[in-house]
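Structure, as C-alpha coordinates:
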Amino acid sequence: MHDNKLLLATNNPGKVREYKSLLRGIPYEIVTPAEQGITTEIEEAGVSFEENARLKATTLSRESGLLSLADDSGLEVDALGGEPGVLSARYAGEGASDIDRINYLLARLKDVPEEKRTARFQCVVAIAAPDGAVELCSGECRGVIATEPRGNNGFGYDPIFYVPELGKTMAELPPEEKNRISHRARAAAKARELLMKFNLSAP
Ligand code: ITT
(Lines give C-alpha, C1' and ligand atoms only; values in the text may rest on other atoms or scores of the structure.)
Protein backbone atom coordinates (compact mmCIF):
# COMPACT_ATOMS: atom_id res chain seq x y z
CA MET A 1 0.00 0.00 0.00
CA HIS A 2 1.18 3.46 -0.86
CA ASP A 3 1.65 5.70 2.19
CA ASN A 4 -0.19 8.90 1.33
CA LYS A 5 1.88 11.26 3.43
CA LEU A 6 3.80 14.24 2.16
CA LEU A 7 6.72 15.28 4.35
CA LEU A 8 7.30 19.05 4.41
CA ALA A 9 11.09 18.92 4.60
CA THR A 10 11.59 22.14 6.56
CA ASN A 11 12.22 23.25 10.12
CA ASN A 12 10.95 26.77 9.46
CA PRO A 13 7.50 27.21 11.09
CA GLY A 14 6.67 30.14 8.78
CA LYS A 15 7.10 27.91 5.73
CA VAL A 16 5.05 25.10 7.32
CA ARG A 17 2.19 27.50 8.01
CA GLU A 18 2.22 28.82 4.46
CA TYR A 19 2.42 25.41 2.75
CA LYS A 20 -0.42 24.00 4.83
CA SER A 21 -2.58 26.74 3.38
CA LEU A 22 -1.05 26.82 -0.14
CA LEU A 23 -1.38 23.05 -0.62
CA ARG A 24 -4.86 22.71 0.83
CA GLY A 25 -6.88 19.98 -0.90
CA ILE A 26 -3.96 17.90 -2.22
CA PRO A 27 -4.44 14.12 -1.95
CA TYR A 28 -1.76 13.78 0.75
CA GLU A 29 -1.63 14.14 4.50
CA ILE A 30 0.95 16.86 5.17
CA VAL A 31 3.38 15.96 7.97
CA THR A 32 6.46 17.69 9.40
CA PRO A 33 9.88 16.25 10.36
CA ALA A 34 9.09 16.80 14.07
CA GLU A 35 5.83 14.85 13.74
CA GLN A 36 7.76 11.98 12.13
CA GLY A 37 10.44 12.04 14.86
CA ILE A 38 13.10 13.24 12.39
CA THR A 39 15.65 15.66 13.83
CA THR A 40 18.32 15.64 11.10
CA GLU A 41 20.01 18.99 10.57
CA ILE A 42 21.01 19.31 6.93
CA GLU A 43 24.01 21.43 6.11
CA GLU A 44 23.03 23.59 3.18
CA ALA A 45 26.27 23.23 1.31
CA GLY A 46 24.89 24.12 -2.12
CA VAL A 47 25.68 27.31 -4.00
CA SER A 48 22.21 27.62 -5.50
CA PHE A 49 18.60 27.44 -4.29
CA GLU A 50 18.14 24.44 -6.63
CA GLU A 51 21.03 22.46 -5.13
CA ASN A 52 19.93 23.14 -1.56
CA ALA A 53 16.28 22.32 -2.23
CA ARG A 54 17.26 19.06 -3.93
CA LEU A 55 19.61 18.16 -1.06
CA LYS A 56 16.96 18.79 1.62
CA ALA A 57 14.20 16.91 -0.24
CA THR A 58 16.28 13.84 -1.15
CA THR A 59 17.91 13.54 2.28
CA LEU A 60 14.61 13.67 4.15
CA SER A 61 12.84 11.41 1.65
CA ARG A 62 15.56 8.79 2.09
CA GLU A 63 15.37 9.12 5.85
CA SER A 64 11.57 9.02 6.14
CA GLY A 65 10.65 6.78 3.22
CA LEU A 66 8.05 9.44 2.32
CA LEU A 67 7.47 11.72 -0.63
CA SER A 68 9.15 14.95 0.55
CA LEU A 69 8.82 18.59 -0.43
CA ALA A 70 11.65 21.00 0.40
CA ASP A 71 11.77 24.76 -0.10
CA ASP A 72 14.96 26.72 -0.49
CA SER A 73 14.27 30.40 -0.68
CA GLY A 74 15.77 33.79 -0.06
CA LEU A 75 16.00 37.46 -0.80
CA GLU A 76 18.12 38.89 -3.62
CA VAL A 77 18.88 42.61 -3.41
CA ASP A 78 20.09 44.20 -6.66
CA ALA A 79 22.23 46.89 -4.97
CA LEU A 80 24.10 44.11 -3.11
CA GLY A 81 24.77 42.03 -6.20
CA GLY A 82 22.06 39.50 -5.26
CA GLU A 83 22.93 39.16 -1.55
CA PRO A 84 21.88 37.68 0.80
CA GLY A 85 20.63 35.04 -1.68
CA VAL A 86 21.27 31.47 -0.55
CA LEU A 87 22.72 32.91 2.67
CA SER A 88 19.42 34.63 3.62
CA ALA A 89 18.81 32.46 6.70
CA ARG A 90 22.40 32.91 7.91
CA TYR A 91 22.96 36.59 7.05
CA ALA A 92 24.26 38.47 10.13
CA GLY A 93 25.85 35.28 11.49
CA GLU A 94 24.98 32.28 13.66
CA GLY A 95 22.40 32.84 16.37
CA ALA A 96 21.04 36.02 14.78
CA SER A 97 17.26 36.60 14.76
CA ASP A 98 14.97 37.81 11.97
CA ILE A 99 15.15 41.34 13.34
CA ASP A 100 18.98 41.18 13.55
CA ARG A 101 19.09 40.18 9.87
CA ILE A 102 16.69 42.96 8.93
CA ASN A 103 18.78 45.55 10.77
CA TYR A 104 21.98 44.24 9.21
CA LEU A 105 20.48 44.47 5.72
CA LEU A 106 19.08 47.97 6.37
CA ALA A 107 22.51 49.13 7.57
CA ARG A 108 24.12 47.81 4.40
CA LEU A 109 21.56 49.73 2.32
CA LYS A 110 21.77 52.92 4.41
CA ASP A 111 22.94 55.16 1.59
CA VAL A 112 21.05 53.47 -1.24
CA PRO A 113 18.18 55.61 -2.62
CA GLU A 114 14.69 54.20 -3.10
CA GLU A 115 14.92 53.68 -6.85
CA LYS A 116 17.97 51.45 -6.37
CA ARG A 117 16.48 49.32 -3.58
CA THR A 118 14.86 46.77 -5.90
CA ALA A 119 14.86 43.13 -4.80
CA ARG A 120 13.18 39.80 -5.30
CA PHE A 121 12.19 36.85 -3.20
CA GLN A 122 13.09 33.54 -4.82
CA CYS A 123 11.65 30.15 -3.96
CA VAL A 124 12.74 26.80 -5.35
CA VAL A 125 10.75 23.72 -4.44
CA ALA A 126 12.14 20.19 -4.79
CA ILE A 127 9.89 17.16 -4.51
CA ALA A 128 11.69 13.87 -3.95
CA ALA A 129 10.24 10.36 -3.92
CA PRO A 130 11.81 7.49 -1.98
CA ASP A 131 12.64 5.77 -5.32
CA GLY A 132 15.01 8.67 -6.11
CA ALA A 133 12.81 10.65 -8.52
CA VAL A 134 13.13 14.42 -8.06
CA GLU A 135 11.17 17.30 -9.60
CA LEU A 136 11.92 21.02 -9.24
CA CYS A 137 9.85 24.15 -9.70
CA SER A 138 10.23 27.78 -8.67
CA GLY A 139 8.59 31.15 -8.19
CA GLU A 140 9.66 34.74 -7.63
CA CYS A 141 8.16 37.96 -6.34
CA ARG A 142 9.53 41.46 -6.96
CA GLY A 143 9.59 44.32 -4.51
CA VAL A 144 11.61 47.15 -2.97
CA ILE A 145 13.51 47.15 0.34
CA ALA A 146 11.84 49.65 2.69
CA THR A 147 13.85 51.92 4.99
CA GLU A 148 12.24 50.60 8.19
CA PRO A 149 10.28 47.48 9.16
CA ARG A 150 6.47 47.58 9.07
CA GLY A 151 3.87 44.91 9.87
CA ASN A 152 3.75 41.78 12.01
CA ASN A 153 2.58 39.05 9.65
CA GLY A 154 4.69 36.53 7.76
CA PHE A 155 8.29 35.85 8.78
CA GLY A 156 11.90 36.58 7.86
CA TYR A 157 12.42 39.69 5.76
CA ASP A 158 8.69 40.32 5.20
CA PRO A 159 8.58 43.58 7.29
CA ILE A 160 11.04 45.32 4.93
CA PHE A 161 9.84 43.79 1.64
CA TYR A 162 7.61 46.48 0.15
CA VAL A 163 5.25 45.45 -2.64
CA PRO A 164 4.67 48.62 -4.74
CA GLU A 165 1.44 47.38 -6.42
CA LEU A 166 -0.19 46.84 -3.01
CA GLY A 167 1.39 49.81 -1.20
CA LYS A 168 2.30 47.55 1.74
CA THR A 169 5.14 45.45 3.05
CA MET A 170 4.70 41.69 2.88
CA ALA A 171 4.31 41.68 6.70
CA GLU A 172 1.37 44.11 6.44
CA LEU A 173 -0.55 41.76 4.16
CA PRO A 174 -3.05 39.32 5.63
CA PRO A 175 -1.74 35.73 5.17
CA GLU A 176 -4.22 34.96 2.39
CA GLU A 177 -3.02 37.97 0.42
CA LYS A 178 0.66 37.05 0.80
CA ASN A 179 -0.37 33.57 -0.36
CA ARG A 180 -1.81 35.03 -3.55
CA ILE A 181 1.29 36.90 -4.69
CA SER A 182 4.38 35.46 -2.99
CA HIS A 183 7.32 33.61 -4.53
CA ARG A 184 6.20 30.61 -2.46
CA ALA A 185 2.61 30.83 -3.75
CA ARG A 186 3.90 30.76 -7.34
CA ALA A 187 6.17 27.80 -6.70
CA ALA A 188 3.44 25.99 -4.74
CA ALA A 189 0.95 26.29 -7.62
CA LYS A 190 3.42 24.39 -9.82
CA ALA A 191 4.27 21.98 -7.00
CA ARG A 192 0.59 21.11 -6.70
CA GLU A 193 0.62 19.88 -10.33
CA LEU A 194 3.83 17.90 -9.78
CA LEU A 195 2.29 16.29 -6.70
CA MET A 196 -0.70 15.12 -8.76
CA LYS A 197 1.79 13.49 -11.15
CA PHE A 198 3.57 11.71 -8.27
CA ASN A 199 0.19 10.61 -6.94
CA LEU A 200 -0.74 9.04 -10.29
CA SER A 201 2.57 7.19 -10.58
CA ALA A 202 2.46 5.89 -6.99
CA PRO A 203 2.01 2.12 -6.62
P1 ITT B 1 14.61 25.14 6.18
O2 ITT B 1 15.95 25.02 5.48
O3 ITT B 1 14.47 24.21 7.33
O4 ITT B 1 13.47 25.04 5.22
P5 ITT B 1 15.40 27.91 6.53
O6 ITT B 1 14.74 29.10 7.16
O7 ITT B 1 16.82 27.64 6.91
O8 ITT B 1 14.48 26.61 6.81
P9 ITT B 1 16.21 28.59 3.84
O10 ITT B 1 17.59 28.06 3.97
O11 ITT B 1 15.46 28.35 2.56
O12 ITT B 1 15.25 28.04 4.98
O13 ITT B 1 16.29 30.15 4.12
C14 ITT B 1 15.31 30.97 3.68
C15 ITT B 1 15.43 32.32 4.37
O16 ITT B 1 15.04 33.33 3.44
C17 ITT B 1 14.44 32.41 5.53
O18 ITT B 1 15.02 31.99 6.75
C19 ITT B 1 14.09 33.89 5.50
O20 ITT B 1 15.07 34.64 6.18
C21 ITT B 1 14.15 34.23 4.01
N22 ITT B 1 12.82 34.04 3.40
C23 ITT B 1 12.41 33.00 2.60
N24 ITT B 1 11.11 33.12 2.28
C25 ITT B 1 10.68 34.23 2.90
C26 ITT B 1 9.44 34.88 2.99
O27 ITT B 1 8.35 34.37 2.41
N28 ITT B 1 9.37 35.99 3.71
C29 ITT B 1 10.43 36.50 4.33
N30 ITT B 1 11.64 35.96 4.33
C31 ITT B 1 11.77 34.82 3.62
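Of the numbered conditions (1) touching a helix residue (DSSP H, G or I) at 6+ places or on another chain (Cβ under 9 Å); (2) in contact (Cβ under 8 Å) with a residue 24 or more places away in the chain, Arg101 fails exactly one; give the number of that condition. Just one mismatch for Arg101, condition (1). Name the residues in segment 146-172 that are assigned to a strand (DSSP E or B) and within 12 Å of the ligand (Cβ to nearest atom), would you? The answer is Phe161, Val163, Thr169.
Here is a yes/no grid of residues against (1) on the phi > 0 side of the Ramachandran plot; (2) within 13 Å of the ligand (Cβ to nearest atom); (3) touching an Asp or Glu at 6+ places or on another chain (Cβ under 8 Å); (4) small (Gly, Ala, Ser):
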| position | (1), (2), (3), (4) |
| --- | --- |
| Leu23 | no, no, no, no |
| Ser61 | no, no, no, yes |
| Tyr91 | no, yes, yes, no |
| Ser97 | no, yes, no, yes |
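Just wondering, is there one or more residues in segment 167-180 that are aliphatic (A, V, I, L, M), in contact with a Pro (Cβ under 8 Å, 6 or more places away or on another chain) and touching a residue at least 24 places away in the same chain (Cβ under 8 Å)? Checking segment 167-180: at least one residue is aliphatic (A, V, I, L, M), in contact with a Pro (Cβ under 8 Å, 6 or more places away or on another chain) and touching a residue at least 24 places away in the same chain (Cβ under 8 Å).
Considering only residues in segment 118-145 that are aliphatic (A, V, I, L, M) and away from the ligand (no atom under 13 Å from the Cβ), the one that is farthest from Lys178 (Cα to Cα) turns out to be Ala133. Within segment 189-201, is even one residue modelled with pLDDT under 95, small (Gly, Ala, Ser) and not in a helix (DSSP H, G or I)? No, because not a single residue in segment 189-201 is modelled with pLDDT under 95, small (Gly, Ala, Ser) and not in a helix (DSSP H, G or I). When we screen Arg24, Arg54 for residues that are basic (Lys, Arg), more than 15 Å from Ala129 (Cβ to Cβ) and either surrounded by fewer than 22 Cβ atoms within 10 Å (Cβ to Cβ) or without any contact (Cβ under 8 Å) to a residue 12 or more places away in the chain (or both), the only hit is Arg24.
Among the residues making up segment 25-53, a single one is part of a strand (DSSP E or B) and either on the phi > 0 side of the Ramachandran plot or of a type in the set (D, E, K, R) (or both): Glu29.
The values are calculated or read from the model by the stated rules, or taken from the named source; none is laboratory data. Bear in mind that the values here come from a model prediction, so they are computed numbers and not experimental data. Ideal geometry is used to build each Cβ from the backbone, glycine not excepted, and the neighbour counts take in all protein chains shown.
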